[in-house]
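Since the structure comes first, as C-alpha cells, the remarks are kept for the end.
The values are calculated or read from the model by the stated rules, or taken from the named source; none is laboratory data. This one's a predicted model, so the numbers in the text were calculated from it and none came from an experiment. Cβ placement follows ideal geometry from the backbone for every residue including glycine, while neighbour counts extend to all protein chains displayed.
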Amino acid sequence: MHLQQLWRAARDKVSAERWGDYSFATFDSLYSREFQNARWVTAGNGLVPLLYDAAFSAEASEQAERLKYVAIQ
C-alpha cells in the first residue's frame, strides 16, 4: 500500500476534525540521519515532526541518559 493510499483512507474514514491526529511517512523517515528533523504529513496536509521538539532539548537528553544508566544497573 502506498503512502497516498493510506492518506486517502484516513480522510475517508476519519472525521475532518481528527485529521491532524493521523500522520504518515515512509520508512526512510525512521532511518534518516536527520530523524529529529524529519516531517510527517498529516491527513489534513500539515507537516509535523514525529516527536515533539521538547524531546530534543538538553534537559530531555540528560534525563534519557540518567534513565539508561538506571536501566543498566
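Which fully enclosed helices (runs of 4 or more DSSP H) of the chain have 1 or more residues being modelled with pLDDT of 90 or more and either within 18 Å of the chain's Cα centre (by Cα) or of a type outside the set (Ser, Thr, Tyr) (or both)? First the steps, then the outcome.
Working: elements: 3-13, 28-31, 58-72.
Qualifying helices (runs of 4 or more DSSP H): 3-13.
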Determine, yes or no, whether Val41 is closer than 14 Å to Leu51 by Cα, of a type in the set (Val, Ile, Thr) and surrounded by 13 or more Cβ atoms within 10 Å (Cβ to Cβ). yes
Filter the stretch 1-17 down to residues that are loosely packed, with under 11 Cβ neighbours inside 10 Å and of a type in the set (A, V, I, L, M, F, W, C), then give me how many there are. 2
Give the residues of the stretch 9-25 that are in contact with a Phe, Trp or Tyr (Cβ under 9 Å, 6 or more places away or on another chain) and within 13 Å of Leu47 (Cβ to Cβ), sorted by residue number. Ser23, Phe24, Ala25
